[in-house]
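Report on one structure; see the data block that follows.
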Amino acid sequence: MLRKIARFSLLFVLIFVLSTQPLFAAGNTVKIKVTFVEAKLVENNHVGNEWWWGGFVNGKELNDGESVTVSANAAGSIKLHAEAQEQDKYPDDGEASASVKVSSIKTSVTKKLNVTVVENRGRYSGNTAKWQFTFKLEKVK
């Protein structure tokens with residue numbers, strides 16, 4: 001009989017703990033406004049003149065100057081990604097990624113990603129173009 005009571009009590013406590021965890025976790029959600037400020041071609045050593053570039057926040061593509069508000073766990077992070085592509089018959093690509101911990105954002109944080117694109121063919125093979133992507137992350141109140 002004592003064993004049944006102990007088993008029932010343990011089961012009751014386990015169910016209570018598992019059912020209340022999502023309630024407490026919901027209170028730790030933070031809203032962060034992420035702005036893709038700009039992508040700037042910093043240096044171009046004969047890589048090309050026709051470009052495509054993209055800034056991504058948690059997989060969502062943003063245009064220059066565009067913002068998105070992300071709901072994130074206070075213990076989580078926000079993934080930033082940047083890509084640049086020289087567009088010709090044989091495209092050259094470069095990319096960079098970073099994760100920003102939500103807990104590191106007190107009011108506002110600026111994150112810069114550097115992307116290098118290497119020419120892969122022709123007489124300028126091996127030359128590079130350098131891009132700088134700027135993202136601004138702000139805590140929304």
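The values are calculated or read from the model by the stated rules, or taken from the named source; none is laboratory data. All values derive from a computational prediction rather than experimental measurement. Remember, those area values only see protein heavy atoms, side chains included, never the ligands or the DNA or RNA. Shrake-Rupley method; radii C 1.70, N 1.55, O 1.52, S 1.80 Å.
Summary table
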| read-out | value |
| --- | --- |
| Length added when fully stretched, residue 71-residue 136, from 0.36 nm per residue minus Cα-Cα | 21.8 nm |
| D (Stokes-Einstein, µm²/s), Kirkwood Cα radius, segment 60-133, 0.692 mPa s at 37 °C | 226 µm²/s |
| Heavy-atom accessible surface of segment 37-80: percent carbon and sulfur, 1.4 Å | 44 percent |
| Candidate aspartates and glutamates for bridging to residue 111, where Cα separation is under 19 Å - those fewer than 8 sequence places away on the same chain excluded | 38, 61, 64, 66, 83, 95, 138 |
| Area of residue 77 that stays accessible when all protein chains are in place (1.4 Å probe, Å², to 10) | 60 Å² |
